[in-house]
Every structure is written in C-alpha cells, then in structure tokens.
1. Looking only at residues that are on the phi > 0 side of the Ramachandran plot and surrounded by 20 or more Cβ atoms within 10 Å (Cβ to Cβ) in segment 20-47, which one is modelled with the highest pLDDT?
2. Do the conditions hold for Leu177, that is, is it among the hydrophobic types (A, V, I, L, M, F, W, C), more than 23 Å from Leu2 (Cα to Cα), modelled with pLDDT under 70 and surrounded by 10 or more Cβ atoms within 10 Å (Cβ to Cβ)?
3. From the list Glu127, Glu121, Glu117, exactly one residue is farther than 30 Å from Ala180 by Cα, at pLDDT below 85 and surrounded by fewer than 10 Cβ atoms within 10 Å (Cβ to Cβ). Which is it?
4. So if I check each of Val17, Val50, which one is more than 15 Å from the chain's Cα centre (by Cα), of a type in the set (Val, Ile, Thr) and surrounded by fewer than 20 Cβ atoms within 10 Å (Cβ to Cβ)?
5. Scan segment 45-63 residue by residue and report those that are over 13 Å from Ile11 (Cα atoms), touching a residue at least 40 places away in the same chain (Cβ under 8 Å) and in a loop (DSSP other than H, G, I, E, B).
6. Got a number for residues in segment 10-27 being touching a strand residue (DSSP E or B) at 6+ places or on another chain (Cβ under 6 Å), outside any helix (DSSP H, G or I) and among the polar types (S, T, N, Q)?
7. Tell me yes or no: at least one residue of segment 28-37 is within 20 Å of Ser146 (Cβ to Cβ) and either part of a loop (DSSP other than H, G, I, E, B) or of a type in the set (A, V, I, L, M) (or both).
Amino acid sequence: MLINNTAIDFIFSDNPVVLYNSFDRSKGKTNATGLQSHGLQLFCPLNKKVTILLYDHRCYSCVLKEGYVVEINESDVDSINSLQLYNAEKCVYFSDCNQGQYVKKLHDSFGTLKKGERKIETAFKSETRELLHFYKTGIEYNLDLSFLSVRKDVKIEGDVRRPDITKAVDEFVKDRLKEAKKRKK
C-alpha cells in the first residue's frame, strides 16, 4: 500500500488500474503486461492519498516501512500520477481544484504522450476456428520510483510466472471445446 503524505494528491483517470512492467523495460523489452507476465506491476488508486501496488516480488526489491506499507515522496507521486495520465482514455480526475495547474504542468512535461496502441493478431488458425489475440502495447514511459528497484539477480525461465496455471487454463479450454463438439453431434 502506497501512502501519500505529500502536498500533491494522487490523481486518477477513467482507466485507473494501470498495468506496467519495469522489469521488461529494464531488459529492453516491450513492457509485457499480461497477468502472467514476469515483472508485472499493477497500480490501483483508492483515494487521493492511497494507491495499491501489486508487483512480482521475484523481480523487484521494495523498501517497506511496516508490513506492506510504503510512505512515498513527491517524485514518486509525480511518477504514479504520470502513469494515470498515460493510461487515461479521455478524463483525469482530482479532488482539489487547485491541482489543475499541477496536472497540466505534468502533462506538458511529456511533450507528446506516446500511449500504448491497441492491436489484434491471429494467435492460432485452423480450418474450423481462429483464436485472436487482443492486446495493448506498453506505455512509453520510464517509471522511476524511489522505493522499488528491479532486481539484477533474477533468473527467469519460460514466458509466464506460473506455467501450472497456464497449463490448467489450456486444459480447461481444451475440455470445453471437446464438450462443445460432442453437443454439436
């Protein structure tokens, strides 16, 4: 839980849950934000002073105060608010009308926002079916947080954090497809 005791409040957008991946970006990759991606970070603002951060603990070192609490500084607030600006579809919200100038200044500091693009690709195709992969490319922003750093000693195997979950989902889908075929007969 990120506690903001600074003079600057958290903002949130019409798309407030932000998926990010500093681990991938540190390796020159594309910021993979699938729920099974190694290094996934998930930011969810609860109010103007509290944001929940979920992260892949194998990929990051985090300085915790007590329990799972981190008291953050103004630079961290700016970074997290920047993620909200990048992730917004159309609107950004804040509780103090005096914060409007701050939000404009933060926005203007980026120049042109390079938001992730929505893409679609064929993941699998046969004579009878096709599986389409919908995804959004990563945010073009280098997140810098004082309390969280990418671990250098991480050895990653495979494409997903929990292959057992991926296997279980694959088996479930395969079984449902078999059942559907039997019903058609």
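The values are calculated or read from the model by the stated rules, or taken from the named source; none is laboratory data. Everything numeric here is computed off the predicted structure, so don't read it as measured data. Reconstructed Cβ throughout: ideal geometry from the backbone, glycine too, with neighbour counts over all protein chains shown.
1. Gly39
2. Working: among the hydrophobic types (A, V, I, L, M, F, W, C): yes; more than 23 Å from Leu2 (Cα to Cα): yes; modelled with pLDDT under 70: no; surrounded by 10 or more Cβ atoms within 10 Å (Cβ to Cβ): yes.
Judged against the criteria, Leu177 is not a match.
3. Numbers: Glu127 fails: farther than 30 Å from Ala180 by Cα; Glu121 fails: farther than 30 Å from Ala180 by Cα.
Of the residues listed, the single one that is farther than 30 Å from Ala180 by Cα, at pLDDT below 85 and surrounded by fewer than 10 Cβ atoms within 10 Å (Cβ to Cβ) is Glu117.
4. Details: Val17 fails: more than 15 Å from the chain's Cα centre (by Cα).
Just a single option satisfies the conditions, and that option is Val50.
5. Asp56, Arg58, Cys59, Val63
6. So the count comes out to 1.
7. Taking segment 28-37 first, the residues within 20 Å of Ser146 (Cβ to Cβ) are none.
No, that holds for no residue.
Results for (1) modelled with pLDDT of 85 or more; (2) closer than 20 Å to Pro16 by Cβ; (3) more than 22 Å from the chain's Cα centre (by Cα); (4) not small (Gly, Ala, Ser), shown as yes or no for each residue.
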| residue | (1), (2), (3), (4) |
| --- | --- |
| Asp76 | yes, yes, no, yes |
| Leu113 | no, yes, no, yes |
| Asp144 | yes, no, no, yes |
| Arg162 | no, no, no, yes |
| Lys185 | no, no, yes, yes |
